[in-house]
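Student: Okay, here's the structure, questions in a sec.
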Amino acid sequence: MINKQVQIITNSLEETRALGEKTGKHLDSGTVLALTGDLGSGKTTFVQGLAKGLDVPDNYYITSPTYTLINEYPGKYHLFHVDLYRIENYADFDDIGLYEILRSDGIVAIEWADKLPKNFLPEYLAIHIDILNNESRKISMTAHGLRGENLIGRKHGINCSKIWGHFRS
């Protein structure tokens, strides 16, 4: 069930990263983010900001785990950065430890989440990034479950306009 949605326009890599950072500051443990969008749309850039918002130390460089499939970073909560681009079939999920990661209390950011089977994630925040031009992106965040709804709607009495400020479209 889709609870709430917000669309945000960013006009540079820095703004996309800053949006990820602001989002990361407001996440609770166990939150799953399902990122989708074309190649080069800014999924990893968003996760770089997310890591900063989760207090991942600056000496960790956040890169796409296209070949390693999962990168893990320490911070306020452990950040598991998953890339499903090269996954061929669902049996690989067990091989890479995806089921265990999803049961952890860390934050899980899954790039190419559209490779997951329908209804695989019971509760998550879907983040779809559309390329508008060389610099601008339209980022659609859709809540699937209470955690995402709390982030998009109200989080402990904080309206989402206070979370994302000038990013709201």
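Rule-based calculations on the coordinates, nothing more; no lab input. Remember, it's a predicted structure, so these values are computed and weren't measured experimentally. Ideal geometry is used to build each Cβ from the backbone, glycine not excepted, and the neighbour counts take in all protein chains shown.
Student: Which of the residues that make up segment 69-84 are over 22 Å from MET141 (Cα atoms) and either exposed (fewer than 13 other Cβ atoms within 10 Å of the Cβ) or of a type in the set (A, V, I, L, M) (or both)?
Tutor: LEU69, ILE70, listed by residue number.
Student: Only one residue in GLU21, GLU88, GLU111, GLU72 is among the charged types (D, E, K, R) and closer than 20 Å to GLU135 by Cβ, so which one is that? Break it down into steps so the answer makes sense when it comes.
Tutor: Working: GLU88 fails: closer than 20 Å to GLU135 by Cβ; GLU111 fails: closer than 20 Å to GLU135 by Cβ; GLU72 fails: closer than 20 Å to GLU135 by Cβ.
That would be GLU21, the only listed residue that is among the charged types (D, E, K, R) and closer than 20 Å to GLU135 by Cβ.
Student: Right, something else. Condition first: free of Cβ contacts under 8 Å to residues at least 24 places away in the same chain and either in contact with a helix residue (DSSP H, G or I) (Cβ under 6 Å, 6 or more places away or on another chain) or not polar (S, T, N, Q) (or both). Now tell me which residues in segment 99-129 satisfy that. Reasoning before the result, please.
Tutor: The initial filter retains those residues of segment 99-129 that are free of Cβ contacts under 8 Å to residues at least 24 places away in the same chain, namely 99-100, 103, 118-120, 122.
If the condition is that a residue be free of Cβ contacts under 8 Å to residues at least 24 places away in the same chain and either in contact with a helix residue (DSSP H, G or I) (Cβ under 6 Å, 6 or more places away or on another chain) or not polar (S, T, N, Q) (or both), then TYR99, GLU100, ARG103, LYS118, PHE120, PRO122 are the ones that fit.
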